[in-house]
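Bear in mind these aren't lab numbers, they're just calculated from the coordinates by the rules spelled out. This structure is a prediction, so every number in the text was calculated from the model and none was measured. Counting neighbours? That spans all protein chains shown, and the Cβs are built from the backbone with ideal geometry, glycine included.
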2 protein chains.
Amino acid sequence: MKPIGIIHTPFTTLGNMPIQPNGAENSIAEIVLNNEFLDGLLDLDSFSHIYLIYLFHRSKGYDLKVVPFLDNQEHGVFATRAPRRPNPIGLSIVKILSVHGNIIQVAGADVLDGTPILDIKPYIEQFDKVEKSSCGWLKISEQGVAKKRSDNRFILK
Amino acid sequence: MKPIGIIHTPFTTLGNMPIQPNGAENSIAEIVLNNEFLDGLLDLDSFSHIYLIYLFHRSKGYDLKVVPFLDNQEHGVFATRAPRRPNPIGLSIVKILSVHGNIIQVAGADVLDGTPILDIKPYIEQFDKVEKSSCGWLKISEQGVAKKRSDNRFILK
């Protein structure tokens with residue numbers, strides 16, 4: 001695994017970030033793909049949304065039980081989106097604004113500036129939209145999620 | 001990056017698989033998590049759906065332009081979900097049927113038997129459901145996707 005590029009976002013410190021894309025929807029970010037992969041972007045601009053798969057490069061180690069930003073109770077790390085995971089892989093859906101050369105401008109990246117990108121995949125409604133889902137411990141309004149910011153709990157001491 | 005577990009599915013050959021979860025929705029699969037990560041599953045069963053992030057362990061190398069199963073035209077690999085990618089990471093949404101000990105039984109895994117799992121994340125509608133999206137080159141009915149099977153094009157020669 002090696003990065004295919006890097007993302008530049010307005011979020012330069014871990015301590016005050018939107019915790020999910022819908023808290024960053026007005027934030028514009030730029031993915032700079034390594035030039036060697038340029039041909040891989042052909043027709044990407046025909047999609048409205050993409051998955052970003054990236055490294056939580058500032059996370060070291062992991063806990064199997066965590067108290068996530070959205071709750072005050074412990075949950076298994078695989079039942080959360082917390083960054084300190086056995087494999088520090090992050091996943092976010094962002095909206096494509098433009099693709100020019102090796103630069104993809106996107107909205108909604110809840111990602112730290114300088115994060116290494118591992119993969120980009122198109123969001124395909126027929127595969128990815130779950131019509132009816134339930135989300136266990138997470139009982140918070142959408143507005144609550146959007147306004148919520150990170151704190152220092154996952155920052156490497 | 002090392003696997004956190006493995007998934008057992010009915011799909012033992014690459015040549016005749018559903019190409020996406022909605023072609024595998026009646027297929028039951030079992031994720032066997034390595035015992036060391038057992039505590040990470042706490043409360044996972046309160047979610048209905050999860051993302052599986054896994055290795056395309058049978059893929060070697062990549063092409064930057066590919067003709068995907070769903071089209072007869074070339075597209076950039078990042079505008080497809082094809083397995084031969086610069087980082088061979090797969091992503092699927094599956095439905096949780098049960099969690100017992102370190103075994104997660106799921107429906108809808110369009111994944112090869114024996115695939116190493118890298119991460120499990122809860123599907124959270126507030127973050128992950130895109131209400132309005134467009135998917136470029138992909139113009140195929142949902143039924144068409146569900147019935148479509150893989151062929152040999154991505155198999156290592």
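Between the range B:20-77 and the range A:87-103, how many Å separate their Cα centres?
Computed from Cα coordinates, the inter-centre distance equals 19 Å.
Report the trypsin sites (Lys or Arg not before Pro) located in the range A:32-76 that are in a DSSP loop and have at most 16 other Cβ atoms inside 10 Å of their Cβ, or state none.
A:Arg58, A:Lys60
Please give the FRET efficiency for A:Val67 paired with B:Asp113, using the beta carbon to beta carbon distance and R0 = 35 Å, rounded to the nearest 0.05.
Between A:Val67 and B:Asp113 the formula returns 0.45.
Using a 10 Å cut-off around each Cβ, can you sort B:Tyr54, B:Tyr62, A:Tyr123 from fewest to most neighbouring Cβ atoms?
The order, fewest Cβ neighbours first, is B:Tyr62, A:Tyr123, B:Tyr54.
Once the dipole of the range B:20-86 is set up with Lys and Arg at +1 and Asp and Glu at -1 on Cβ about the Cα centre, which of B:Ile50, B:Asn26, B:Leu70 lies farthest towards its positive end?
B:Leu70
Taking the beta-carbon count within 10 Å as an exposure proxy, list B:Phe69, B:Phe127 from fewest neighbours to most.
Ranked by crowding around the Cβ, least crowded first: B:Phe69, B:Phe127.
So which aspartates and glutamates pass the test for A:Lys95, namely a Cα distance under 14 Å, with those fewer than 8 places away in the same chain ruled out?
Here the aspartates and glutamates satisfying the reach criterion relative to A:Lys95 are A:Glu25, A:Glu30, A:Asp45, A:Asp110, A:Glu125, B:Asp128, B:Glu131.
Per residue of B:43-54, how many C-beta atoms from partner chains lie within 10 Å of its own C-beta, taken as a mean?
5
For B:Asp45 paired with A:Ser46, estimate the spin-label separation in nm (one decimal), with each label point 7 Å from Cα along the Cα-to-Cβ line.
Going from the B:Asp45 label point to the A:Ser46 one covers 4.5 nm.
Can you work out the FRET efficiency for the pair A:Asn102 and B:Lys60, with r the C-beta to C-beta distance and R0 = 35 Å, to the nearest 0.05?
Between A:Asn102 and B:Lys60 the formula returns 0.90.
Would you mind ranking A:Ser59, B:Ser98 by Cβ crowding within 10 Å, fewest neighbours first?
Taking fewest neighbouring Cβ atoms as first place, the list is B:Ser98, A:Ser59.
What is the packing order of peptides A:100-107, B:86-93, taking the mean over residues of other C-beta atoms within 10 Å and listing the highest first?
Descending mean neighbour count gives B:86-93, A:100-107.
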